[in-house]
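Data block below; observations after.
The values are calculated or read from the model by the stated rules, or taken from the named source; none is laboratory data. Remember, it's a predicted structure, so these values are computed and weren't measured experimentally. A quick note on method: Cβ atoms are made from the backbone with ideal geometry, for glycine too, and the neighbour counts reach across all protein chains shown. The protein model used for the area step is the full one, side chains on, heavy atoms only, and it has no ligands, DNA or RNA in it. Shrake-Rupley method; radii C 1.70, N 1.55, O 1.52, S 1.80 Å.
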Amino acid sequence: MADCFIIAIKIGSTHTGYAFSLTSSEMEIDPCLRSWGQEVGLGTPTTPTCILFDEHEQFISFGYKAKQSYLSIRDQQKRDMFFFDCFKFLYRKNLTKNLDIKSVNGKEMKALKVFTEALRFLKDDALKTINGNYGGKTFTASDFTWALTVPESCDPSAKPFMREAATQAGIVTEGTEDNLVITLESEAALSWCMKLPADDFITETRIDLHDLQSPGKQHIVIVAEDENINIVVHKFLEGRELVELHRSSLNDLGGQSVDRKYKEFLREIFTHKVWDEFEKKYPSDVQKMMWEFSHLKHVDEDIDVICPFNLAKVAQKHQDIEKFFEGVQGASYDEGLIRISKHKFWSFFAQSLHGITHNVRGIFNKGFNIGCILLVGEFAVCEVLRRHITDEFIDYCKVLCPFRPRESILKGAVVLGKHQTRIQFRKSAFTYGIGVSDRFDELKHIEERKFTNKDGEWCGGLFIKLVGVGEHVGLDKTMEFTFYPIQADQTMMNFYFYRTLKKIPKYVTEEGVEQIGYLFLNSPNTECGRSREVKLTITFDRMDMKIKAKDLTSESESATKFGFMWK
């Protein structure tokens, strides 16, 4: 029986999918992907990130089905329902479970409920798919390690938000929290692509993948999605472990920026008046037209776009449709088809390509020793993007794109679900610290923090840094600190923990410093007075900061944990 069960889920702002693997622990992982879109005549590795609820906030459908259902219902029903098209809220700062988000028609729901129901659907669909194809055993969520991917540009608060949603969706429960792994998209993609043979890449050069995985090798991973572009530099350590060296994000420069340029071009051709009327009266036709373009933009040649009947009808109320194209550079009209030249087609990509090129050149200028550029994600299927990156950087390093760039993140997340030790470092999103007291020194301390006890004058609320914002934190590595009581007959030691975006605050009372938890330790044996040692050990894992305190004199112990936010 297989004993390495993994399901990976990628919920992007625009596209979602999952992959799974059932193998024995010693076997090589070969993930299977769910195919989507049969109901609309497609077979894709991802589905649109769309979810539909009824007027009572009850889940109806997800993905292609949700989009198709919403486009087909009447206007009054649309006003009553909740339809969410794209999960852009995942990029919000300080994402909380109380956040309200607006649906397409302006009605509001809790973001946590929307995301929870999306995860619940994906969980149930994955288990149904697996149980329907692998006889002899009925699998439940607790049988699997679940790997959720997050884009690099997400706020650190998205990770505990996802964890809470996964718990509410029944993916993990109390006692199975360790079955949830959250990983970055670039890590997942790089982990998968380094497993592929050389002939699984679109490349202009011969490649030696074994050489690219040597310790010390540095690579740029461009995760090109429909919304944003995330560019990350990773370095291989011994044992194929990864450490992140650099990260940057280009917001609103993904595949949707090309869509917006295309729509602006159509508006210019037909005039604002005609296009506004078309959008207002026939929004479903507009969505369908943009959907068809999303598939056409994968090529690198002249394209033909079917002009919707209703667009032609609105346009012809003003003049013959052919007249709208007179004097237009790069486009023509021919018997119901809008023909766009390759040169004009390329112009829709210009802003995105310029942003990516400028950013990647900046990485080379910083002195990184780059072995290859790896291009993955939804937008990476576009030949224009691949050709441009290759032409710009082929003289600097190898440029690689897998033949199935949309699948690499999901499949890599399955790999990381099995080999979690590959990621040995995280960058801390905050400076974490502990509040302590020290002997008062009028030259170093402010008078407001001064207090007196039986053992003298002290300064309270000093911030002692445990780890700094942006510092690499070794996962599952233990840090140890020694503390002493501030009063000889003290029988309780109180530890308060804080976080802040400041690099080195002096006091826990400073603006921007927030308390995240506390730990109390009994210290009943006071024979050694203030000489009693208390050892505090702190371990950072993939989701938590685990803290254990031990009084070496009394041998009493106490432990707690807090959420650890990483970049």
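Which of the listed residues, Phe201, Asn522, His56, is farthest toward the dipole's positive end in the chain, when Lys, Arg count +1 and Asp, Glu count -1 at the beta-carbon?
Result: Asn522.
With the cut-off at 18 Å, tell me which of the pairs Lys477/Lys535; Lys465/Lys546; Lys10/Lys477; Lys10/Lys159; Lys102/Lys273 have Cα atoms farther apart than that.
On the way: Lys477/Lys535 16 Å; Lys465/Lys546 16 Å; Lys10/Lys477 28 Å; Lys10/Lys159 13 Å; Lys102/Lys273 28 Å.
The answer is Lys10/Lys477; Lys102/Lys273.
Keeping all protein chains in position, work out how much accessible area Lys67 exposes to a 1.4 Å probe, and write it in Å² to the nearest 10.
40 Å²
Starting with the highest mean, order 110-119, 305-314 by the number of other Cβ atoms within 10 Å, averaged over the residues of each peptide.
The packing order, highest mean first, is 110-119, 305-314.
Can you give me the relative contact order of the chain as a percent, contacts being Cα pairs under 8 Å and 6 or more apart? Please list the in-between numbers first.
Working: 1134 pairs, mean separation 67.0, N = 567.
The normalised contact order for the chain reaches 12 percent.
For Thr145, which sequence-distant residues (separation of 5 or more, or a different chain) have an amide H within less than 5 Å of its own amide H, given hydrogens modelled in the peptide plane?
For Thr145, the qualifying residues are Phe5, Ile6, Ile7.
Going toward the positive end of the dipole of the range 56-211, with +1 on Lys and Arg Cβ and -1 on Asp and Glu Cβ, which of Ile73, Phe83, Ile171 do you reach last?
The Cα lying farthest towards the positive end belongs to Ile73.
Compute the long axis of helix 283-296 from its Cα atoms, compare it with the longest principal axis of the Cα atoms of the chain, and write down the angle in degrees, 0 to 90, nearest 10.
80 degrees
With a 10 Å radius around each residue's Cβ, average the other Cβ atoms per peptide and rank 388-394, 228-234, highest first. Walk me through the numbers on the way to the answer.
On the way: 388-394: 17.6, 228-234: 23.7.
The packing order, highest mean first, is 228-234, 388-394.
Express in Å², to the nearest 10, the accessible area of Leu190 obtained by rolling a 1.4 Å probe over the protein heavy atoms while all chains stay in place.
Rounded to the nearest 10, the figure is 0 Å².
Between Cys32 and Tyr484, with labels modelled 7 Å along Cα→Cβ, what's the label distance in nm to one decimal, could you check?
Computed distance between label sites Cys32 and Tyr484 equals 6.4 nm.
Expressed as a rounded percentage, what relative contact order does the range 362-453 have, with Cα pairs under 8 Å and six or more residues apart? It would help to have the intermediate numbers written out before the result.
Working: 49 pairs, mean separation 22.7, N = 92.
Value for the range 362-453: 25 percent.
Can you compute the helix-only [θ] at 222 nm over the chain? Use -39500 (n - 2.57) per DSSP H run of at least 4 residues, normalise by all residues, nearest 500 deg cm²/dmol. Please report the intermediate quantities before stating the final value.
Details: 13 runs with 155 residues, N = 567.
Mean residue ellipticity at 222 nm (helix-derived): -8500 deg cm²/dmol.
How would you order 236-246, 34-44 from highest to lowest mean count of nearby Cβ atoms within 10 Å? The partial results should precede the final answer.
Values: 236-246: 16.0, 34-44: 13.7.
Packing proxy ranking, top to bottom: 236-246, 34-44.
Return the whole-Å distance between the Cα centroid of the range 268-319 and the Cα centroid of the range 53-74.
Each part's Cα centre sits 24 Å from the other's.
Could you compute the FRET efficiency for Asp455 and Asp476, with r as their C-beta to C-beta distance and R0 at 51 Å, rounded to 0.05? Write down the numbers at each step before the final one.
Details: r = 38 Å, r/R0 = 0.75.
Given R0 = 51 Å and the Cβ-Cβ separation, E is 0.85.
Taking the dipole about the Cα centre of the chain, with the C-beta of Lys and Arg at +1 and of Asp and Glu at -1, give me whichever of Val415, Cys372, Gly362 is farthest to the positive side.
With unit charges placed on the Cβ atoms, the residue in question is Gly362.
Mind checking the dipole of the range 450-523: about its Cα centre, +1 per Lys or Arg Cβ, -1 per Asp or Glu Cβ, Debye to the nearest 20?
Numbers: 8 positive and 9 negative charges, 37 e Å.
Value, rounded to 20: 180 debye.
Stretch Glu511-Thr357 to full length: gain in nm at 0.36 nm per residue minus the Cα-Cα span?
Details: separation 154, 0.36 × 154 = 55.44 nm, distance 3.90 nm.
Difference between extended and current length: 51.5 nm.
What's the angle, to the nearest 10 degrees (0 to 90), between helix 408-418's Cα axis and the longest principal axis of the chain?
30 degrees
I need the calculated FRET efficiency for the pair Asn310 and Ile73, taking r as the beta carbon distance and R₀ as 30 Å, to the nearest 0.05.
On the way: r = 18 Å, r/R0 = 0.61.
About 0.95, to the nearest 0.05.
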